[in-house]
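One structure is given here, and the rest of the page talks about it.
The values are calculated or read from the model by the stated rules, or taken from the named source; none is laboratory data. Computed from a predicted structure; not experimentally measured. Because the Cβ atoms are built from the backbone with ideal geometry, glycine has one as well, and the counts that use them run over all protein chains shown.
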């Protein structure tokens, strides 16, 4: 199968979007584990590239080092050992990668004040991954898999990361390759994805369709959650798959994604045509947007008592791919309408209150608005 060289020309807008999401998540991930008291953490960039594109735009390795630099004070104070593994299989690119990183380190000497170890590797991913798996499973790890191929989708790699309980991974997936090469022997030898099923939905949903099948491959008792971020580059569709088992990690990724696109939080374009849903359809009326659908579903689950407190809401919100603010807005609205009651000023829908502080806010369904009018006032 032909492989596109990502570094034979300047990064396009879609690639920069991907890199920004990678970097923004690293910006959240690094201080989380440094400040949590872990003495050793790892970051793996298995397809690191050259460090910069032809115009000098930073690739993932330099962006990772930049975010480590931004946390250097905390890293030194907490005495955290930061290990970064940069792997690049192409020998010429590998040399450029080392030069780029070493140049960055020489220009940012403050990094030398901390225990930061850079591990350069010039290896095939299939050979390197099994050698690093025990480290990934032992220490808090952030794993980047930024390739055009499909080998990662095999159970050998995908399910191995699912078993790593303190590992977050972001995988760049060339979903368009499924359309072009899905029936080839090379493809079928690496994946267990039903190509015909993935093609049933409109082309723009190919990335989401693949992710749905990946979710089905997870063990029934898994705590790992998967989320897509679709990237449109010209006529092609690509995307990021994020995976993690810790609700704190999921919360941070979703915040990163919704900051990138506050319409749907899952694409660099209006994938569900939500902007036009503000207009009435003469036959069907107004179609709900993604946020409106979530709000309606949350409301119904609270009213039928499936969701009983703020922890239930927070977990539901993450599973639905939304951020806490969306839930807070709907719950406050329900209280104002006299549908529910809780004594606190805020419903406390966030990780810190739910999981860190263990504060539970129970919701009481108000059966009669008239009888409880004075109470709500």
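A residue that is over 25 Å from the mean Cα position of the chain (by Cα), assigned by TED's automatic domain parsing to the domain that holds residue 41 and in a helix (DSSP H, G or I) can be found somewhere in the stretch 60-75. Of the residues making up the stretch 307-317, not a single one is under 24 Å from residue 20 (Cα atoms) and in contact with a strand residue (DSSP E or B) (Cβ under 7 Å, 6 or more places away or on another chain).
Filter the stretch 90-102 down to residues that are in contact (Cβ under 8 Å) with a residue 40 or more places away in the chain and more than 13 Å from residue 118 (Cα to Cα), then give me how many there are.
Of the stretch 90-102, the ones in contact (Cβ under 8 Å) with a residue 40 or more places away in the chain are 93, 96-97, 99-101.
When the remaining residues are screened for being more than 13 Å from residue 118 (Cα to Cα), the result is 93, 96.
Total meeting the criteria: 2.
Checked against the criteria, residue 221 does not count as over 19 Å from the mean Cα position of the chain (by Cα) and farther than 19 Å from residue 250 by Cα.
Between 230, 235, the distinction of being surrounded by fewer than 23 Cβ atoms within 10 Å (Cβ to Cβ) and more than 12 Å from residue 318 (Cα to Cα) belongs to 235 only.
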